[in-house]
Structures are given as structure tokens and as C-alpha cells.
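Notes follow the structure.
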Amino acid sequence: MKNVETNRSFSVLIPDGECTYATSVVRCLAEQKNIKTIALATDKNAAVRFSRYTSKFIYNVYGESNEERLTGIIDAIKKTNADILLPVDVGTIRLIAENKEKLSKLIAIAPIPEVNSFDIADDKWLLSLWLKENNIAHPNTILFKSTNSLDETVSSITFPTIIKPRKGSGGKGIYIFENKEEFKSWYTEFDHSEDQIIQSYIKGYDIDCSVICSEGRILAHTIQKGLKYTVAYQWPYGVEFLDNDEIFNLVKEVVEKFKWSGVVHIDLRYDEVERKAKLIEMNPRFWASLAASLFAGVNFPYLSCLSGLKRELPVLKTQEKRVLRTGPALKMTFNRLFKKQDYLPFDNTFGEFIMKDPLPNLFSKSLEMCNKYKKRLFKK
């Protein structure tokens, strides 16, 4: 990405360094010179603490309630004299949106949505109602309350179907059922503590769009399609960045009607039966494949900071790229070296970021292994 002369050096305060995606945000900011990144976290062992790109790490000793987190953020702003506040995950983004007027007197804030828009986007049921009201293509969706009976629920859905939490991310708690028997088996094990949504299954493929906006105007975007190489492998090998006018125009309509500000990663699915794209859900935060967008020519955290600081944005030139996850990339490299048939061409890999900044990943993996070992000991 080309630097603009008016983009002088500045310091960034990330108020939720314990977030899973905080390290990716720090790595993206590090691609630009003269940016000092400070991370505040409620977890003293947050992975971002060990990044070579984190200029300063502050442990928020006040606590984890909203009031305590806000106190910690204000304290960090005053101590660091940072130029801009850049929240990463949903909880902190909403907290700052609620207290934007108060915080904006102390520090510039990266673009964030209004609370009402945020709450609709973050709740899959509320979003489905909003999409229906605004005539935006989406899958048929019903609310599955924790008190609903089995017969009542089964009679209202068609199979195959998908069930997922009203709020959540990372694919957690999502199940696909091919028939009534599979659903009934799941129902008996379900703890019924939270409401879910049920959506009709769309025959087709996933395609996502990431954007940064200012009051409904898209400042930059990328469109990505998951690269699924084998049926046996559960997760996509990586992502392929591409141009798609249908996807862009649908997303453009959505963010305009929301008058959206800030970043959002929008999940869509192309319906191969009806031959059109449908919006599945919105993730009003930074996302897992964030760093890969750098290869496509868009640095979302950097653009967020520039926008919040009211500075000129660089002219972007997006590129079509294939970016693989580290494991699949190693496998494909091995296959190419030994001239095997099952080879998936790619341009870059997430491993490039890990090689330049390995400690956060090494620490997280070590901590994960340590926790698994402790659980085994307690079971004995």
C-alpha cells in the first residue's frame, strides 16, 4: 500500500488486546512505518503481548465489567497520550460506541457504527428481520426459543437446515441437519439455555465481503471465496480474493441503508438454485482472515486509523490473490516439490506473518497444550 505524505507517524491504542484477532491487527499496522501500537488487555498473558510489533503492553487491572473496562481504557488513554483508539472485537466496539461522546474528548476514535445499527448486525435474528424489512436477499430464518417444543419446531422447518446461536462467531455452535431424525437427536442433547436461529440450507458456496465504511459510504473492500480442496478436510484451505459486482452491489446497498461506519465482515452464500447471492450474517468487528487482505492490497486497520484521524486515504489497487493457511500451504509446497497431482496453486500464506512474528503463535500453542495437560491430570 502506498503511503501518502500527509500520513505522519501516530500511535494507536488497542483497548482489547486479549481478543483473538488483536495480533492480526497489530501485524497489519506494522506493515506501515512510524506507527506505534499500544495494547491494553484484561488478560496479562494475551498473545499480542509477545508480538515484536507491540510497542507497549498494559494490563488492565480494573476488571472485566463494562464499567471497569471503560475505566481502564480512559486511564490508558491519559497515560499513553495515544493518538487514536482502535477497538477490535464486538464487546469493546459496542462499549466505545455507547461512550463515544465521552471518549472522543480524550482521543480520536476509529470509525464505529451507531449502537442501534451495531445491535441489529450483531444479532442474527434481528438482522434477519431487518433484511426482510429492507428486501435484501437472505435465507428463510425462524427464531428457535429455548422453550419451543420439539413437535412445534419440527413442523415449522424444512430440511436440510442449519441451526446457530443468535450471537457468536468462529463457527461455534453451528449444526447442519439433513433430516428430522438428526435434528431430534440433537434436540435431546441441547441444553435449551439460549435462543437459537434456524435457517434454510442454501445449496451453493460461501463468499464474503469485508468493508470499511464512513456513514454508509464504502471506503475500501475485499471480496473473498473460501478455497475448499478436499471434501474430507472440514475447513477451507484458505481464501481467494476476487472481484464480483453482484456481491459488491448487494453489500453496498446494505451498508448504505444501515449508514454504517467502521469495519464489518459480511458472510454471504451464492444460491446455485436461485442463481443469486444471499446475505447470511454480519460480523461487526475485525475477522480471522484480516491479515490476508494485505496481500490483496487492503490494510483495514491502517485505513481505520487514517479515517479516524481525518487523514487522506491512499489510492488502493486491489489484486486477485490466493492465500492459504499455513498447514495446507506446506502440504501444497511438498506436493509441488515431489510433482504430485493434488496441488493447489497459491500466491501467499498466513505463515509469512508467523515467520516474521512467531512468538504470539508459539505462546498461544504452548498455553493450549499446557491447559490440555492440566485437564488430563485433573481427570485422573
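One table, with the values for the structure above:
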item	result
Nearest-ten-degree value, helix 180-189 long axis tilted from longest Cα axis of the chain	60 degrees
At R0 = 35 Å, FRET efficiency that the Cβ-Cβ distance of residue 248 and residue 333 yields, to 0.05	0.60
Gain in span if fully extended, residue 366 to residue 9, counting 0.36 nm per residue against the direct Cα distance	125.0 nm
Simple spin-label estimate for residue 115 and residue 228 in nanometres, 7 Å along Cα-Cβ	4.0 nm
More than 21 Å apart - percent of Cα-Cα pairs taken over segment 120-204	26 percent
Cα centroid separation - segment 156-181 against segment 27-84, whole Å	37 Å
Antiparallel DSSP beta bridges within the chain, as percent of all bridges there, nearest 5	75 percent
Near-label residues of segment 72-105 by backbone N, under 17 Å of a point 7 Å along Cα→Cβ of residue 172	88-93
Structure-based [θ]222 nm, the chain - -39500 (n - 2.57) summed over DSSP H runs of at least 4, per residue, nearest 500	-10000 deg cm²/dmol
Radius, Kirkwood style, for the chain when every pair of distinct Cα atoms is counted (Å)	22.3 Å
Which of 251, 315 has the fewest Cβ neighbours within 10 Å, and the rest in rising order	315, 251
Positive minus negative residues near residue 134 (Lys, Arg vs Asp, Glu; Cβ under 10 Å)	0
Relative contact order (%) - criterion: Cα under 8 Å, at least six apart; region: the chain	18 percent
Extended-chain gain in nm, criterion 0.36 nm per residue less alpha-carbon gap, residue 45 and residue 101	17.0 nm
Pairwise FRET efficiency - residue 217 versus residue 312, Cβ, R0 = 22 Å, nearest 0.05	0.90
Cα gyration tensor, segment 164-261 - rounded (a/c under 1.5), prolate or oblate	oblate
Chain lengthening between residue 81 and residue 147 when straightened (0.36 nm per residue, less Cα-Cα)	18.8 nm
Taking 191, 208 and counting other C-beta atoms within 10 Å, the order from fewest to most	191, 208
Burial ordering of 92, 153, fewest other beta-carbon atoms within 10 Å first	153, 92
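The numbers here are math on the coordinates, done by the rules we state, and not lab data. As the structure is a computational prediction, the values presented were derived from the model and not from experiment. Virtual Cβ from ideal backbone geometry, glycine too; neighbours counted across all protein chains shown.
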